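Colleague: This is the structure, below, for whatever I ask next.
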């Protein structure tokens, strides 16, 4: 049973006179425990696609099923609950709430679910131990480093044990050291907790931590590569694919000799 | 081109400016109405009870108060607007508009806004001024036809004054622009949410704040016990310091309350995990913590302003109630006159064919006497020594029943009731048993006549039969004794007071009333009470010749109607002015909170979008927002009202506890207006931050 099933979705933006086809008939599935990346050049529709899956946006055509539930037909009020229970988000700018301490930031989704204090505390302890932020819980986001902030964001996404963890350019604002750390944590979560992860990035290094990568270009699924060897090899594959999408690589799929 | 931009800007920002504009327009309308009252030909020649009412001075003061407040409000709001638009200034600078041009742009914009405010204000003013004047007349209890008139003078003056004000504000705005550096403009100092855990100082300052507020309230409540103590120790200058201390305690305490006490309180909430980790509460509390920190000074200012406003209108309302009851106490019948005036007044009545509805005569005696009451205010108690008016119980009961609807008093032969002309609050503190003066069981009343049984004062009252003014000045102290005792008193002076109640028709008989009023002002006969020093006791005598040494006088004839009309007119007028000023204060302070909150809303959009993405529903967010804004609005109002209540109670102690119903009504209206501001702000705030994540677009 697939965690996510995207079926023929299209998204049309804009005004009647200026229609933009952001996505065009995309279909794919993500199995439980997978670590999937979506890559593509700017404007390819990566974030739009992620937003569809994240139920933040609705497709013009087609449907999205998460855990066999058709989220594209749900009402707003129900969606809020759905997001809270099944989805976890990591944003590029972390979007931590500055008026909350780190502890409060992490446990916020559980508080919204009105769980008991004991459950909340035990989950909080577990997550903060995995992410190595147990010592920072009483601080405010302003008072910790950027890398730590991103880990807090990660903790907030994980604490509900989501069926699907969505990350939109999670390493976009990080330096390479912090980025590597975060990716290692994500890998660990994926392997230990069997959390399904879907991340969007345009950075090949970040993508190389995934198990499978979907490339989209101009709103369409362009290619798909699966990691079989080690990370370095996978990284090279990704670089090649990026070059191809850019219009000149070894796997030249698009006619350029006009 | 720049001109078009200016105009378009002003129009586009109409929504931002709406609250500001409404407050400005209200100020202009009220200002206009005040001037038109001053200059209205009907109102300026208004007469009540034969006296011309002079509005000029009071209205002038009211206008100055309004202007001062408007200057403050305009400056505050405009500083705020310019700050909010820093980035816009930056972008304009980058695309090559010079600062001079930008300042012209801003100058023009504020002029346009000002112009719109003045135009709307004048238009409304012209239409409303008649209504306002009619309201004024109604409140003053005067029936005069008001013609619809456009007061050109009022238009000229209002336009001039406010035009000048807006011009100055325009200058202020345009000079502000030169102070910013381009870097700051483009990257507006991201109002980084600086959150701190409460430190030791927070706890200290917060505790001090609460202690100061509480201490101020305590001082206000115990003024009649503590102030005399201070007086004894430091003299009468202590009074001023005492009152000043109350004021300062409240002002500083309120600041500490908003800066620290609320933080302590919210921190306490945070520790209470059962409640805190429950739904949106966590979010509301932590956001409130941030908002109170950021808005502490504004909220403090609003609290003080609203306390002042509520106190002002509350005390005006209280004084109105007090005045009404005073009038009733002082002149409890339509017409009261002394024996001396009997022939003249009755001749007057006969001339105008007036037949009284009812007529009563009572007699009283004046004799040397003495008694002493304890007062917490006066170290030696309240001492009455010398001429004492004595009245018989049956006559007293009869007058009390007919004039004040009081039940009959029963007296044993040796008992007496003392009536004194001073607030009873000063003789005893009714609210606190512990602080009641040690009332001796026996308050002996000595009437200097041999053969009288020893008398005791068993009750102290304040209501004089026929009011205090009809008796002689120095002896506005009266004792009531049982009839048998009264008969046995051989007084130096025995006199009579006549009381007449008139029919409605006669009361409205204008020539009669006018003649009567004239007579009271020019009565030829005047009685004097002369003390003849004697041993062992003084004796008294009435004379109508002005004595060489000072003699006591009294009011010979009291009439109710004209006095009542005059008092009504005066009080109505003050209440009217107070209410209008209060209205402006409310609108301005309300819109200040509203503007600040709505500008914060812009900064909060991202936060609420994030919350929605991690699974907070729109209903939950709405709930949290309404709660937060309610707190922001409610706390200043609650605290301000509390301050005002203590201030009004303090005043009411000096006014002998008049009824406070009118005060509550007026304060209630005030709070209602604030609630409307709250609902509006919460609604707009919610609309700004609580947008759906996506909108289903249709093609």
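Colleague: Please specify each residue of region B:475-528 satisfying the condition of being farther than 24 Å from residue B:566 by Cα, part of a loop (DSSP other than H, G, I, E, B) and within 36 Å of the chain's Cα centre (by Cα).
Modeller: B:476, the sole residue that qualifies.
Colleague: Got at least one residue in region B:114-124 being without any contact (Cβ under 8 Å) to a residue 12 or more places away in the chain and surrounded by 15 or more Cβ atoms within 10 Å (Cβ to Cβ)?
Modeller: Residues of region B:114-124 without any contact (Cβ under 8 Å) to a residue 12 or more places away in the chain: B:119, B:123.
With surrounded by 15 or more Cβ atoms within 10 Å (Cβ to Cβ) added as a condition, the list becomes none.
No: zero hits.
Colleague: Among the listed residues B:586, B:616, B:578, which satisfies the condition of being surrounded by 18 or more Cβ atoms within 10 Å (Cβ to Cβ), within 14 Å of chain A (Cβ to nearest Cβ) and in contact (Cβ under 8 Å) with a residue 12 or more places away in the chain? Steps first, please.
Modeller: Working: B:586 fails: within 14 Å of chain A (Cβ to nearest Cβ); B:578 fails: within 14 Å of chain A (Cβ to nearest Cβ).
Only one candidate qualifies: B:616.
Colleague: As an exercise: evaluate residue B:239 against (1) in contact (Cβ under 8 Å) with a residue 24 or more places away in the chain; (2) surrounded by fewer than 17 Cβ atoms within 10 Å (Cβ to Cβ); (3) touching a helix residue (DSSP H, G or I) at 6+ places or on another chain (Cβ under 7 Å) and give the number of the one condition it does not meet.
Modeller: The failed condition is (1).
Colleague: Would you be able to tell me the number of residues in region A:129-145 that are in a helix (DSSP H, G or I) and within 14 Å of chain B (Cβ to nearest Cβ)? Break it down into steps so the answer makes sense when it comes.
Modeller: So in region A:129-145, the residues in a helix (DSSP H, G or I) come out as A:129-131, A:134-136, A:141-143.
Going one step further and asking which of them are within 14 Å of chain B (Cβ to nearest Cβ), we end up with A:136, A:141-143.
The number of residues fulfilling the criteria is 4.
Colleague: Please find, among B:601, B:565, the residue that is outside any strand (DSSP E or B), surrounded by 19 or more Cβ atoms within 10 Å (Cβ to Cβ) and away from chain A (no Cβ under 14 Å). Full working, then the answer.
Modeller: Values: B:565 fails: surrounded by 19 or more Cβ atoms within 10 Å (Cβ to Cβ).
So the residue among B:601, B:565 that is outside any strand (DSSP E or B), surrounded by 19 or more Cβ atoms within 10 Å (Cβ to Cβ) and away from chain A (no Cβ under 14 Å) is B:601.
Yes/no matrix, rows are residues, columns are (1) part of a helix (DSSP H, G or I); (2) under 37 Å from the mean Cα position of the chain (by Cα); (3) within 14 Å of chain A (Cβ to nearest Cβ); (4) under 30 Å from residue A:89 (Cα atoms):
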| position | (1), (2), (3), (4) |
| --- | --- |
| B:595 | yes, yes, no, no |
| B:605 | yes, no, yes, yes |
| B:642 | yes, yes, no, no |
| B:645 | yes, yes, no, no |
| B:676 | yes, yes, no, no |
| B:685 | yes, yes, no, yes |
| B:688 | yes, no, no, yes |
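Colleague: Within region A:109-128, how many residues turn out to be more than 12 Å from chain B (Cβ to nearest Cβ) and either closer than 24 Å to residue B:196 by Cα or crowded, with 21+ Cβ neighbours inside 10 Å (or both)?
Modeller: 3
Colleague: Only one of A:165, A:131, A:87 is out of contact with any strand residue (DSSP E or B) (no Cβ under 7 Å at 6 or more places or on another chain), touching a residue at least 40 places away in the same chain (Cβ under 8 Å) and crowded, with 22+ Cβ neighbours inside 10 Å; which?
Modeller: Working: A:165 fails: out of contact with any strand residue (DSSP E or B) (no Cβ under 7 Å at 6 or more places or on another chain); A:87 fails: out of contact with any strand residue (DSSP E or B) (no Cβ under 7 Å at 6 or more places or on another chain).
So the residue among A:165, A:131, A:87 that is out of contact with any strand residue (DSSP E or B) (no Cβ under 7 Å at 6 or more places or on another chain), touching a residue at least 40 places away in the same chain (Cβ under 8 Å) and crowded, with 22+ Cβ neighbours inside 10 Å is A:131.
Colleague: Also: Do we have residue B:160 as surrounded by fewer than 19 Cβ atoms within 10 Å (Cβ to Cβ), within 30 Å of residue B:73 (Cα to Cα) and at pLDDT 85 or above here? Don't jump to the end; show me each part of the working.
Modeller: Working: surrounded by fewer than 19 Cβ atoms within 10 Å (Cβ to Cβ): yes; within 30 Å of residue B:73 (Cα to Cα): yes; at pLDDT 85 or above: yes.
So residue B:160 fits the description; yes.
Colleague: Quick check: is even one residue across region B:204-217 closer than 18 Å to residue B:653 by Cα and surrounded by 14 or more Cβ atoms within 10 Å (Cβ to Cβ)?
Modeller: Step one: filter region B:204-217 for residues closer than 18 Å to residue B:653 by Cα, giving B:216-217.
Retained after the next criterion (residues that are surrounded by 14 or more Cβ atoms within 10 Å (Cβ to Cβ)): B:216-217.
Yes: one or more hits.
Colleague: Quick one: residue B:588 ticks every box in (1) within 28 Å of the chain's Cα centre (by Cα); (2) outside any helix (DSSP H, G or I) bar one, so which box is it?
Modeller: Result: residue B:588 passes all but (2).
Colleague: Right, next: Given the conditions (1) more than 14 Å from every other protein chain (Cβ to nearest Cβ); (2) in contact with a helix residue (DSSP H, G or I) (Cβ under 6 Å, 6 or more places away or on another chain), which single one is not true for residue B:628?
Modeller: Every condition holds for residue B:628 apart from (1).
Colleague: Residue B:255: under 27 Å from residue B:591 (Cβ atoms), more than 12 Å from chain A (Cβ to nearest Cβ) and either out of contact with any strand residue (DSSP E or B) (no Cβ under 6 Å at 6 or more places or on another chain) or free of Cβ contacts under 8 Å to residues at least 40 places away in the same chain (or both), yes or no? Don't jump to the end; show me each part of the working.
Modeller: On the way: under 27 Å from residue B:591 (Cβ atoms): yes; more than 12 Å from chain A (Cβ to nearest Cβ): yes; either out of contact with any strand residue (DSSP E or B) (no Cβ under 6 Å at 6 or more places or on another chain) or free of Cβ contacts under 8 Å to residues at least 40 places away in the same chain (or both): yes.
Here the answer is yes, as residue B:255 does meet what is asked.
Colleague: Among strands (runs of 3 or more DSSP E) lying entirely in region A:11-103, which contain 2 or more residues that are over 18 Å from the mean Cα position of the chain (by Cα), over 30 Å from residue B:283 (Cα atoms) and at pLDDT 85 or above? Don't jump to the end; show me each part of the working.
Modeller: Values: elements: A:18-30, A:35-39, A:61-66, A:87-90.
Hits in region A:11-103: A:18-30, A:61-66.
Colleague: In addition: Give the residue that is farthest from residue A:24 (Cα to Cα), with candidates limited to residues of region A:55-80 that are surrounded by fewer than 23 Cβ atoms within 10 Å (Cβ to Cβ) and within 7 Å of chain B (Cβ to nearest Cβ).
Modeller: A:77
Colleague: Out of the residues in region B:274-329 that are within 30 Å of residue B:500 (Cβ to Cβ) and touching a helix residue (DSSP H, G or I) at 6+ places or on another chain (Cβ under 6 Å), state the one that is farthest from the other protein chains (Cβ to nearest Cβ). Walk me through how you get there before you give the answer.
Modeller: Going through region B:274-329, the residues within 30 Å of residue B:500 (Cβ to Cβ) turn out to be B:319-329.
Add one more test, that the residue is touching a helix residue (DSSP H, G or I) at 6+ places or on another chain (Cβ under 6 Å), and what stays is B:320-321, B:323, B:327.
Working: B:320: 47, B:321: 47, B:323: 52, B:327: 57 Å.
Residue satisfying both the conditions and the ranking: B:327.
Colleague: What tally of residues in region B:619-641 results from selecting those that are closer than 17 Å to residue B:311 by Cβ and surrounded by 17 or more Cβ atoms within 10 Å (Cβ to Cβ)?
Modeller: 5
Colleague: Let me ask something else. Restricting to region A:81-99, count the residues that are farther than 30 Å from residue A:174 by Cα and more than 9 Å from chain B (Cβ to nearest Cβ). Give the steps one after another, and end with the answer.
Modeller: Start the filter on region A:81-99 by keeping residues that are farther than 30 Å from residue A:174 by Cα, which leaves A:81.
Restricting the remaining residues to those that are more than 9 Å from chain B (Cβ to nearest Cβ) gives none.
Residues that pass the stated criteria total 0.
Colleague: Right, something else. Within region A:11-54, track down each residue that is surrounded by 18 or more Cβ atoms within 10 Å (Cβ to Cβ) and within 13 Å of chain B (Cβ to nearest Cβ).
Modeller: A:11, A:22, A:47, A:48, A:50, A:51, A:52, A:53, A:54, listed by residue number.
The values are calculated or read from the model by the stated rules, or taken from the named source; none is laboratory data. As the structure is a computational prediction, the values presented were derived from the model and not from experiment. Here Cβ is always computed from backbone atoms with ideal geometry, including for glycine, and neighbour counts include all displayed protein chains.
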